[in-house]
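> My questions all concern the structure below.
Just so it is clear, none of the values below were taken in a lab; they were calculated from the coordinates. As the structure is a computational prediction, the values presented were derived from the model and not from experiment. Ideal geometry is used to build each Cβ from the backbone, glycine not excepted, and the neighbour counts take in all protein chains shown.
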């Protein structure tokens, strides 16, 4: 399994608003594209930061599944216009489950 470990820094004061849309629309759209989602996990130390992970069977599937999500009408017509303006910064670390321990 390939895992993206994602850290998001949201514009000050917008984490709750971002997460509301993230939970209501983005996570279901990821699931529909076959992408496994774990999180979000809220930072205790920074009120504008959260962490989440998304998983893919392999690197080839990752490319296809991400394309399905980012080319969707929901992302193109709605979510990117709502979520991206609230996103100050993000970081992605791509890792592989070497022991096949993760079974979402």
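> Taking the condition more than 20 Å from residue 19 (Cβ to Cβ) and touching a helix residue (DSSP H, G or I) at 6+ places or on another chain (Cβ under 9 Å), does residue 83 pass?
no
> Follow-up question, since we're still on this one. Among the residues of the range 1-13, which ones are surrounded by fewer than 16 Cβ atoms within 10 Å (Cβ to Cβ) and in contact with a helix residue (DSSP H, G or I) (Cβ under 6 Å, 6 or more places away or on another chain)?
11
> Okay, moving on. Quick one: which of 18, 51, 41 is in contact (Cβ under 8 Å) with a residue 24 or more places away in the chain, in a strand (DSSP E or B) and either exposed (fewer than 14 other Cβ atoms within 10 Å of the Cβ) or under 14 Å from the mean Cα position of the chain (by Cα) (or both)?
Result: 51 is the single residue among 18, 51, 41 that is in contact (Cβ under 8 Å) with a residue 24 or more places away in the chain, in a strand (DSSP E or B) and either exposed (fewer than 14 other Cβ atoms within 10 Å of the Cβ) or under 14 Å from the mean Cα position of the chain (by Cα) (or both).
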